[in-house]
């Protein structure tokens, strides 16, 4: 038996190694959707226990009507100064309430979630934290879950939870400061403003930029048609620590 | 994003980059370091730069930071305690020295390292027991799994032994560009790299690839594999056409095809959605003519005897039908991108799915009800209307007394005992209008066929001859450059190449759809996997047209095959615009079919579809992979130079 072969052949198409696709198409207009926001950037209420910065797969409930002055960050993976100035830079709750009030979105989930994705235990996030958050959001009737990562590992943890939500039947998008990680980890939809780790949702105390990033990301949930799509957003903020 | 311990061990020689901000005094572990597989993307995004003099993963594991360091910083000696000088490699990571070739050499200094496939020198942790350096010593063959092994001794035994590269003086039967089959991993004492392959090859040993060892041994002993043509071959009778004109009655005589111009009225009545049908003739010298988007290119063929794929088919030579369409509002219909414009600029003449330079084109332009151009029923009505006209010609052709200009006969030869190969062709199945009609009553026709979408996109097996006999009518509504028209299937180069390949047993062509719903995608992929598992395949090629969401199915199909230890090659348009958003470890042998200079879907009909050159590369790459010879990983960005290099090898073969 003979097979004609060659040495020196090279594969011609680069294939990233990604998890299997998950996808829930959005079936109603934004103005009728209930939105939840989750973050892996270590946001929690000041009265709650802080996260263990060495790695923590627990999560904290954040009521959507809480004043943002009662929120804070515990995260060792990036410079916290932007969030200390304005928590909306990672968890844009004030902007979400404005979008609800103006009718751009239908409503907000009563309870949203913060966790600290840095150094996150992949199995725990995949098997416990992700499904638990997804089940709670689904039970609240959430249609769209928007999330932010934080550092590199945070993006991984955020995407694990995001994928759990998508699997549970909600359409999700990650606002990614590190889009290559989001993509490699299998994020269903990715928006990518030019922002640093730590201000993933936009420049602190710049409501116009934060609103624009949120609105564009929500619109992308409507327009994106297939798994793994990524859109770079035209907003840029640099901070020098 | 941090790494696992296993991953860090595999990337000891890659640059060490902090995944997150880390404080002074941190003892660096794999959890602090970014995954090197995404460095290129991070660098492209401007998020990372790796200056010269940066340390490697192996250098920094266990070292201590002497200052706070930001995320995505490549570590340098000045950032580490006592780290002004780069540590010696031998100090790294628990003694697992990067690059184990040296270690192997030290363990067995007298033995030239057998170049077994898969031993990457850079792997760092690879090790194996060096065999004794005895020429003619034991041949060790490792097989991961094995199916259907039949070994008959002793007839071929001396010849077999003589083929082993381990025997002093024996000639290794492998040249650089031609070898024999191998699978699994073999190590042969004292053998050179090439002989290492050939020894395993000569034994025909393969668990994963599943070659029949009986066949291999038989071949070594001078026995032939069992070759069996199909009971009913397919004969294509080609009738030469010199002239096509419109007239009052459809006829074919002395090389002149006359088409009844009133057939457009008959076509008009085929569906209430069809509002207008026009027909004209475009001869080769009149190509600079405006055309609406080209929905399909079709041959004119009719069964004279037998079913699709066997018996006799009459075909008009140098004539094709070209279906174009609009809706009542003047909107180009059914395309993801469209190719309206001047015909000579909007079609890649000569591609399997396009008209040839010297073809006479019968153009049928159908206007359908407004706003149905992107619904399933609209394009289907247009194809059905066109088929009414073609059918009238088929009826005349079937009854013709003219003599065929030439004939071609296809035998669907099965070469039992040789490696079993199948072709998987992914077809569209999204939104219903992206449909294909399987096995219509007449070759490349519409009536009587089953719609892929109605079948649930599940895999359907056709014989090679059924494909080449017009078993697929394409409604495909994807981009013009990357779609496979009805004529493409009629002339599919991979089917021709694999059917003619005397080194394999080409068992057939599986058509599988690309569903719209994600859950259905999984279902279809699993059904394909079950087929593949049951077919005892030794190799498969998967093709897809278009790009984007169907790449999810494409990746799934390749994983379903590769995951069953069947060597698989993927064929797709990717280039710049169609870069894959999903992938898996089985997509390591891929063929790019882009022909656009910029790597875009350029809206030139059939430009970036599979042509014979692509088929030759896919065929060679598959057989090379089946033989266990490594295929180098793809570069991260589309590179025409890689394609050209592979093409050169394929041309030599």
On the basis of being within 14 Å of chain A (Cβ to nearest Cβ) and either crowded, with 24+ Cβ neighbours inside 10 Å or touching a residue at least 40 places away in the same chain (Cβ under 8 Å) (or both), does residue B:539 make the cut? yes
Taking the stretch B:23-55 and keeping only residues that are touching a residue at least 40 places away in the same chain (Cβ under 8 Å) and surrounded by 22 or more Cβ atoms within 10 Å (Cβ to Cβ), one is left with B:28, B:55
Counting just the residues of the stretch B:564-576 that are part of a loop (DSSP other than H, G, I, E, B) and within 14 Å of residue B:550 (Cβ to Cβ), which one comes out nearest to the other protein chains (Cβ to nearest Cβ)? B:574
Answer with yes or no whether residue B:534 is farther than 26 Å from residue A:1 by Cβ, more than 11 Å from chain A (Cβ to nearest Cβ), surrounded by fewer than 24 Cβ atoms within 10 Å (Cβ to Cβ) and free of Cβ contacts under 8 Å to residues at least 24 places away in the same chain. no
Assuming residue A:38 fulfils every condition listed in (1) within 21 Å of residue A:221 (Cα to Cα); (2) surrounded by fewer than 21 Cβ atoms within 10 Å (Cβ to Cβ) apart from one, which condition is it? (2)
Going residue by residue through the stretch B:596-607, is there one that turns out to be under 30 Å from residue B:346 (Cβ atoms), within 9 Å of chain A (Cβ to nearest Cβ), in a loop (DSSP other than H, G, I, E, B) and out of contact with any strand residue (DSSP E or B) (no Cβ under 6 Å at 6 or more places or on another chain)? no
Residue that is surrounded by the most Cβ atoms within 10 Å (Cβ to Cβ) [pool: residues in the stretch B:403-437 that are part of a loop (DSSP other than H, G, I, E, B) and modelled with pLDDT of 95 or more]: B:419
Taking only the stretch B:616-642 into account, find how many residues are in contact with a helix residue (DSSP H, G or I) (Cβ under 9 Å, 6 or more places away or on another chain), part of a helix (DSSP H, G or I) and either surrounded by fewer than 22 Cβ atoms within 10 Å (Cβ to Cβ) or modelled with pLDDT under 95 (or both). 1
Looking only at the stretch B:545-563, decide whether some residue is in contact (Cβ under 8 Å) with a residue 12 or more places away in the chain, at the interface with chain A (Cβ under 7 Å from one of its Cβ atoms), in contact with a strand residue (DSSP E or B) (Cβ under 6 Å, 6 or more places away or on another chain) and not in a strand (DSSP E or B). no
Identify, from the list A:141, A:110, A:103, A:169, the residue that is over 23 Å from residue B:32 (Cα atoms), touching a helix residue (DSSP H, G or I) at 6+ places or on another chain (Cβ under 8 Å), surrounded by fewer than 24 Cβ atoms within 10 Å (Cβ to Cβ) and away from chain B (no Cβ under 14 Å). A:103
Check on residue B:613, surrounded by fewer than 24 Cβ atoms within 10 Å (Cβ to Cβ) and more than 21 Å from residue B:293 (Cβ to Cβ): yes
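The values are calculated or read from the model by the stated rules, or taken from the named source; none is laboratory data. All values reported here derive from a predicted model rather than from experimental measurement. Every residue, glycine among them, receives a Cβ derived from its backbone with ideal geometry; neighbour counts consider all protein chains shown.
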